[in-house]
């Protein structure tokens, strides 16, 4: 194929851009690297990027997908944020070989964070 794919960046709907940016920057330490008023923003942390838009014709935020983010230390991330979020599951070892947990952002989007079990410390009991 003549084209090389370089990245996939989710473009997610939000009804409150300021609240979305504040949550991602304060809870998950993303940086707002680009913004066009309340209509669009790009947030980044390390090699991960998410974009948010506000389009009235799209309606309320919804997604059946989980935004899955690979990290190098699930336990350290959980320790840093557990008092500001509610776990949807985990941290726990999954049968497919990942240590992971999941949370929801203020828009209701599911975010799962995982690392291969071979690279992880066992979950605290």
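Brief remarks follow.
- Here segment 90-108 is the region considered, the condition is being surrounded by 13 or more Cβ atoms within 10 Å (Cβ to Cβ) and in a loop (DSSP other than H, G, I, E, B), and the residue that is nearest to the chain's Cα centre (by Cα) is 105.
- The residue list 49, 87, 102, 65 contains one member that is closer than 23 Å to residue 116 by Cβ, touching a strand residue (DSSP E or B) at 6+ places or on another chain (Cβ under 9 Å) and modelled with pLDDT under 95, which is 65.
- Filter result (part of a helix (DSSP H, G or I), touching a residue at least 40 places away in the same chain (Cβ under 8 Å) and either surrounded by fewer than 13 Cβ atoms within 10 Å (Cβ to Cβ) or touching a strand residue (DSSP E or B) at 6+ places or on another chain (Cβ under 7 Å) (or both)) within segment 5-25: 20, 24
- Exactly one residue among 38, 72 is in contact with a helix residue (DSSP H, G or I) (Cβ under 8 Å, 6 or more places away or on another chain) and loosely packed, with under 12 Cβ neighbours inside 10 Å, and that residue is 72.
- In segment 29-40 there is no residue matching the filter, namely being within 14 Å of residue 11 (Cα to Cα), touching a residue at least 40 places away in the same chain (Cβ under 8 Å) and in a strand (DSSP E or B).
- Criterion violated by residue 64 - all others in (1) assigned to a loop (DSSP other than H, G, I, E, B); (2) touching a residue at least 12 places away in the same chain (Cβ under 8 Å) satisfied: (2)
- Residue within segment 75-89 that is in a loop (DSSP other than H, G, I, E, B) and more than 16 Å from the chain's Cα centre (by Cα) present: yes
The values are calculated or read from the model by the stated rules, or taken from the named source; none is laboratory data. Note that the coordinates shown come from a computational prediction; the quantities given were computed from them, not determined experimentally. Positions of Cβ are generated from backbone atoms using ideal geometry, with glycine treated the same way; all protein chains shown enter the neighbour counts.
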